[in-house]
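Trainee: Following this message is one structure expressed as structure tokens.
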Amino acid sequence: MNNVTKITRAPRNPKQDMVALYDAFLSLKTREECAAFLRDLCTQSELEAFTERFAIARLLAKDVSYRDTADETGASTTTVTRVSHWLHHGQGGYRSVITRLNKK
């Protein structure tokens, strides 16, 4: 007879995982903590992509043209167009962060 006990796990809940990630970001207190967490969480390529998209959003929020934004960031005009879509038609995340940073 086999005496191995099978352990069952509750199924993962992606929504709870997402909330936990949001809470993790909200718990960070310094730039250094944020940098360390992002570096552990993301690949270098992912970090570079996030950085590029945020730089694009900041330029577009200042009404810099698509072409000038692409030239300044090195991004393709396709990427600039995608970021512009989310800046203008997304959930407001870019706008709220950019507005807060501009007040500092």
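Rule-based calculations on the coordinates, nothing more; no lab input. All values reported here derive from a predicted model rather than from experimental measurement. Quick reminder, even Gly has a Cβ in these numbers, built from the backbone with ideal geometry, and neighbours come from all protein chains shown.
Trainee: Could you sort 14-27, 49-62 so that the peptide with the highest average Cβ count within 10 Å comes first and the rest follow in order?
Mentor: So the order, starting with the most tightly packed, is 49-62, 14-27.
Trainee: Ranking Val4, Val64 by Cβ neighbours within 10 Å, fewest first, what do you get?
Mentor: Val4, Val64
Trainee: Also, quick follow-up: Suppose every Lys and Arg Cβ carries +1 and every Asp and Glu Cβ carries -1, with no other charges. What dipole size does region 14-103 come out with about its Cα centre, to the nearest 20 debye?
Mentor: The calculated dipole for region 14-103 is roughly 380 debye.
Trainee: What is the distance in Å between the Cα centroid of region 75-89 and that of region 29-58?
Mentor: First find each Cα centre; the distance between them is then 18 Å.
Trainee: Something else: Taking the chain as the reference, fit the longest principal axis to its C-alpha atoms, fit the long axis of helix 93-103 to the helix C-alpha atoms, and give the angle between the two in degrees, 0 to 90, nearest 10.
Mentor: 60
Trainee: Tally Lys/Arg at +1 and Asp/Glu at -1 over every other residue whose Cβ is under 15 Å from the Cβ of Ala35; what's the total?
Mentor: Spelling it out: positives minus negatives among the neighbours equals -2.
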